[in-house]
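Nothing in this text is a laboratory measurement; each read-out follows from the coordinates by a stated rule. In this text the structure is predicted, and so the values were computed from the model without any measurement. Every residue, glycine among them, receives a Cβ derived from its backbone with ideal geometry; neighbour counts consider all protein chains shown.
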Amino acid sequence: MPKAKPTPAQIDALTALRVAVQSAEAVLRGSLPGAPGQLPPASPALPDGYIHRADRGRLSTLGDTGFPSRTPLSYDRGMVSDTAVSDQPSMLSIPSVSLPKGFVSEILQIGLVTLDYRRAIAGFLRLGIGPWQVYTLGPDNVSDMTYRGRPSTHSMKICMATLGSIDWEIIQPIDGPTIYHDFLAVHGEGVQHVAIRCPHVPWAEKVARLEAHGFRVIQSGSWLGRQRYAYFETEAATGTTLEIFDELPDFVMPEPEEEWPRPKTPGS
């Protein structure tokens, strides 16, 4: 079967994604332009002392060391196992397969995990990415929560912003276990997942088709009883975790707990 060449549009999309991921990881590493080793200055929209390390839940066992390097940290990873990393290319052959048509249409979201969501927001605001809306997800507003195949109760801060057609999500885990804790323990802070769009495919079929390819659900839930989401164990195969969620045209986001930059009030 002749090898299909990528189209210019596909090349542009992959290039834009690579640049976006590199920029996001630069924010979390604190390696944006500035004095070497210094934390990024707070955005004028953020109050002094905006870096808060309280409320980390189980992450407190990681210590208060600021941003960790991308090296394994001491942490009870549960079902997460260490994997030997080789700098040699795989000798496995890539089979010739027919790509499924119309299943995955585009990237919806890039998700990052951090120890301090406000610090990450401040870095993204320096890049001009924002505004950000912050929510807390947990047993009070998420039903049917699972973690690695078992019922689970966990909580996390999620922060949302949109740039062009891509949503950015910053996640700070609070209580676990979660796949976010697992990612921090193995990788440190960085890009943890990519959400994909599967238009015109019912929810059950999306899950079934991904599982048929050997990608099992590793975390899931239903926000406000309507917005279902699921993460799949694709990191070994693709280098990242894939997420899907219900694409409901009538779903209305609730009022955020925080907004950054803070909205201006009359007379301010």
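Once you order the gyration tensor axes a ≥ b ≥ c over the Cα atoms, which shape class does region 172-268 get: rounded for a/c under 1.5, otherwise prolate or oblate by comparing a/b with b/c?
Oblate, because a/c is 1.5 or more while a/b does not exceed b/c.
Starting at the first residue of region 236-249, write each ³J(HN,Hα) from the Karplus equation 6.51 cos²θ - 1.76 cosθ + 1.60 with θ = phi - 60°, in whole Hz, x for Gly and Pro.
5, 8, 10, x, 8, 8, 9, 10, 10, 8, 4, 9, 9, x
Consider a paramagnetic label point 7 Å from the Cα of residue 216 along Cα→Cβ; state which residues of region 163-188 have an amide N under 19 Å from it.
Inside the label zone: 177-183.
Using unit Cβ charges (K, R positive; D, E negative) and no other charged atoms, how large, in debye to the nearest 20, is the dipole of region 93-216 about its Cα centre?
Details: 11 positive and 11 negative charges, 39 e Å.
Using only the charged Cβ atoms, the result is roughly 180 debye.
Projecting each Cα onto the charge dipole of region 191-268 (Lys/Arg +1, Asp/Glu -1 at the beta carbon, about the Cα centre), which of 251, 192, 202 comes out farthest on the positive side?
So the residue furthest toward the plus end is 202.
Loop-only chymotrypsin sites (Phe, Trp or Tyr not before Pro) in region 212-268, please: DSSP not H, G, I, E or B, and at most 13 other Cβ atoms within 10 Å.
Listed in order of number, the matching sites are 251.
Enter the Cα centre distance for the pair region 191-219 and region 111-136, rounded to the nearest angstrom.
Each part's Cα centre sits 26 Å from the other's.
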